[in-house]
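Bear in mind these aren't lab numbers, they're just calculated from the coordinates by the rules spelled out. Predicted model, so just to flag it, every value in this text is computed and none were measured. As a convention, Cβ positions derive from the backbone with ideal geometry for all residues, glycine included, and neighbour counts pool all protein chains shown.
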Amino acid sequence: MQIEKKRDSLTETRLALKQRRAAILRLEPQAALTAILETPQPAPLVHSFPAEDLHLLIREIGPEDALPLLALASDHQWEYMVDAVGWRRDRLHLAELTRWMHLLLKADPKRLARWCLWEKHDLTELYLNRNIEVVIREYDQPPSELGKGFLSHDDTYYWRLRPLPEAVRKASPDLPARREMLVEALLKGLSSEDHPRYQQLLLESAGLIPAETEEELYRLRTVRLAERGFVPFDEAVGAYQPLTPEDLLRREPKSLHPDDAFATSLPVPSATAPPQDGGLFAQALAGVQATVTLLQLQAEFAHLCNQVIVADQVSVSDRGVLAAVVAKVSGYLDIAVELVLEESPAGDRGARAVDLIQRYRLADLFRVGIGAALALKGRCERWHRESWYRDNGLALSFWEEAGLGVLGGLLIKRPLFFDNYRSGVLYREFQTLQEIRTTEAALNALIAIDNLLSLLAIEIGERLAEQTLTYRNLLLTAWALGTLDADDADARPRYAPVEIDRFRPFFDNLWSSQDPTRRIDAATRRQFIAWLVVHSHLTDDELNTVLGPEFDRLFDDLAEELASVAGADLDPRFVTFFSLRHG
């Protein structure tokens, strides 16, 4: 009974701390700093922060202004910050490591000395090896024989700074001065804290093999970050391995821990917390009744976000970067949930979504969602390699703005949705299954038009230097020439600029003469389809089934641009749907 009461009390304390942290993190950075420091016992509150949240908060406040928080942080939180900023891939980043070590020195010099002597002695030895040259003076050796620039705290162990590579100095102009201050103050602090250990540290730093030590430190750092969800890159990219809804449904269900105390102890960073409103995934989370299950799903979501951060090689400098990652992950989870629900449409949609996120790993659901986008990308790349337009040396601009945007989003390493600034950006991550379907429909239309052009085998002759050739321009100009050359029924479709005087009769015949509002009537559209049928050997039904909507848009846009222009007023410079020139 006493044990259960203690566990209940601990769970309540953890939940209260979580609520307190969430309230603080909603404040402006300076207000959050004030709120923490005005807490009666700020140290336990700071220690309760997930290291990722504390690191981001310190960066938002400004590391120089957040020195009190750095002084209150635990050794594990210090370790995470050094792990997060001090490496670039598998190499130490000297400038950032020096910067953050200098901040820790200013926050609490005595504690940093103890930390370097006993907790992080391997990293300290490697850092000293990279930055200082150590010489042990013989008892009868004059210090002047050691050379210029050597310093000592005991007249036996002498050291001096190594010169920085020129590339490093140019990349970080403030590094030399900061490094000199850090090394001098750190060595003095180490000597004052434990002089024999300080001597041992200097001796070991001079004798270590830097490459081996760096490799081992990187291995240990990788293990520590993996425990927080930042798995190694080779493992993280597994998040982008496609998974079909059918394969997901055949997988064994995941197991959730039933213990409330376990769930409340999970360090879920608020910056990678799941969205509270939005798509199907957020709605499914809102439908989870058990608090213990919800907390574990939040931890699983944070782990997945961290995995995507590593796979995408994102540098997390502020909450905006993490917000983009959260939106990306939740968007692909929305897509996955909707895809899986389509596979089994029976039953209440909301209840099935809740069951889905509790039954299957979120990482596997993400793979289903991203798999839908990657399938589009793969199909686009296969077609693009063998496409007619590419074989004929035409650029992506051949597909005009809309087609260029769709292809541009699918032909890059990670597929993106062509938003065309509707939400303020040109490209963004896919967020809904409807966006996948819209992009798929646009790609289908481009492939169908490319196949049609390959069947038409239009002979491309002279091109206007001042005009970009597009698929609409190519089709309409070839049709115009075919109509004007109707006497030669067996002539192969060809493209060439049409003389304006010869073009005007064709242009006047485009428009309905029975309607006071100029428009392109159905008869004219049927003439265009008939010309395509003759030269592509496709049937009328085949063309209209696949490309009917595209042809409707073509003639609607043509009418919008030229309906108000009389044939006598046509100027080749301002006509984009046909290639025209003066005679």
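Relative contact order of the chain: what whole-number percent is it, with Cα pairs under 8 angstrom and at least 6 residues apart?
Computed value for the chain: 10 percent relative contact order.
What value, in deg cm²/dmol to 500, does the helix sum -39500 (n - 2.57) over DSSP H runs of n ≥ 4 give at 222 nm once divided by the residues of the chain?
On the way: 28 runs with 360 residues, N = 583.
-19500 deg cm²/dmol, from helical runs alone.
Around residue 554, with a cut-off of 10 angstrom between Cβ atoms, what is the net charge of the other residues, counting Lys and Arg +1 and Asp and Glu -1? Write out the running numbers ahead of the final one.
On the way: positive: 472, 525, 553; negative: 550, 552, 556, 557.
Around residue 554, the charge tally is -1.
Can you pull a Stokes-Einstein diffusion coefficient for the stretch 74-228 at 25 °C (0.890 mPa s), Rh from Kirkwood over Cα pairs, as a whole number of µm²/s?
D, rounded to a whole number, is 151 µm²/s.
Out of 80, 40, 25, whose Cα points farthest toward the positive end of the dipole of the stretch 23-107 (charges: +1 Lys, Arg; -1 Asp, Glu; placed on Cβ)?
80
Using a cut-off of 20 Å between alpha-carbon atoms, which aspartates and glutamates can reach residue 188, once sequence neighbours fewer than 8 places away in the same chain are excluded?
Qualifying aspartates and glutamates at Cα under 20 Å: 108, 119, 122, 125, 133, 154, 155, 180, 204.
HN-Hα J couplings of the stretch 562-569 from phi, Karplus 6.51/-1.76/1.60, θ = phi - 60°, integer Hz, Gly and Pro as x?
With the stated coefficients, the stretch 562-569 comes to 10, 4, 8, 9, 7, x, 5, 9 Hz.
Would you mind working out the magnitude of the charge dipole of the stretch 27-81 relative to its Cα centre, with +1 at each Lys and Arg C-beta and -1 at each Asp and Glu C-beta, to the nearest 20 Debye?
Details: 1 positive and 9 negative charges, 18 e Å.
Charge dipole of the stretch 27-81: 80 debye, to the nearest 20.
Would you please put 39-45, 102-108 in order of how densely packed they are, using the mean number of other Cβ atoms within 10 angstrom per residue and starting with the highest?
102-108, 39-45
Where the only charges are on Cβ atoms (+1 Lys, Arg; -1 Asp, Glu), what is the dipole of the chain about its Cα centre, to the nearest 20 debye?
Details: 66 positive and 88 negative charges, 271 e Å.
So the dipole magnitude of the chain works out to roughly 1300 debye.
Show me, for the stretch 492-504, the HN-Hα J-couplings you get by feeding each phi into the Karplus relation (A = 6.51, B = -1.76, C = 1.60, θ = phi - 60°), rounded to Hz, glycine and proline as x.
Here the 3J(HN,Hα) series is 6, x, 9, 10, 6, x, 9, 5, 4, 5, 6, 7, 4 Hz.
Evaluate the distance, in nm, between pseudo-label points positioned 7 Å from the Cα of residue 216 and of residue 241 along their respective Cα→Cβ axes.
That separation, rounded to one decimal, is 3.2 nm.
Under 5 Å between amide hydrogens, which residues at least 5 positions from residue 419 or on another chain qualify, with H placed 1.01 Å from N in the peptide plane?
427, 428
Check the straight Cα-Cα distances from residue 377 and name the lysines below 20 Å, setting aside those fewer than 8 residues away within the same chain.
328, 413
Kindly rank 323-331, 143-151, 559-567 from highest to lowest mean number of other beta carbons found within 10 Å of each residue.
323-331, 559-567, 143-151
Work out the FRET efficiency for residue 31 and residue 501 from their Cβ-Cβ distance, taking R0 = 51 Å, and round it to the nearest 0.05. Kindly include the intermediate steps, with their values, before the conclusion.
Numbers: r = 74 Å, r/R0 = 1.45.
Efficiency, from the Cβ-Cβ distance: 0.10.
For a quick check: with amide H placed at 1.01 Å from N, whose amide H comes under 5 Å from residue 361's, ignoring anything fewer than 5 positions away on the same chain?
Correct list: 254.
Just add up the charged neighbours of residue 354: K/R +1, D/E -1, any other residue whose Cβ is under 15 Å from the Cβ of residue 354.
Working: positive: 254, 349, 352, 359; negative: 300, 334, 338, 348, 355.
Taking every other residue near residue 354 into account, the sum is -1.
Extension gain residue 318-residue 156, at 0.36 nm per residue separation less the Cα-Cα distance, in nm? Can you show the working numbers first?
Working: separation 162, 0.36 × 162 = 58.32 nm, distance 4.61 nm.
Stretched out fully, the residue 318 to residue 156 stretch lengthens by 53.7 nm.
Just name one of 159, 498, 358: the one whose Cα is farthest towards the positive end of the charge dipole of the chain (beta-carbon charges, Lys/Arg +1, Asp/Glu -1).
Working it through, the farthest residue towards the positive pole turns out to be 159.
If you restrict to DSSP beta bridges whose two residues both lie in the chain, what percentage is antiparallel, to the nearest 5? Present the calculation step by step, with values, prior to reporting the outcome.
Working: 11 of 15 bridges.
So the antiparallel bridges amount to about 75 percent of the total.
Test of understanding: what is the full-extension gain from residue 16 to residue 188, defined as 0.36 nm times their sequence separation minus their Cα-Cα distance?
On the way: separation 172, 0.36 × 172 = 61.92 nm, distance 4.22 nm.
Additional length available on full extension: 57.7 nm.
Taking only C-alpha pairs under 8 Å that are 6+ residues apart, what is the relative contact order of the stretch 120-190 in percent? Spell out each step's value before the answer.
Details: 46 pairs, mean separation 19.2, N = 71.
Result for the stretch 120-190 is 27 percent.
Considering the options 307, 389, 408, tell which one lies farthest towards the positive end of the dipole of the stretch 307-421, charges being +1 on Lys and Arg and -1 on Asp and Glu at the Cβ, about the Cα centre.
My answer, from the dipole projection, is 307.
Given +1 on the Cβ of Lys and Arg, -1 on the Cβ of Asp and Glu, and no further charges, what dipole in debye does the stretch 343-390 carry about its Cα centre, rounded to the nearest 20? Working shown, then result.
Working: 10 positive and 6 negative charges, 47 e Å.
Magnitude of the dipole: close to 220 debye.
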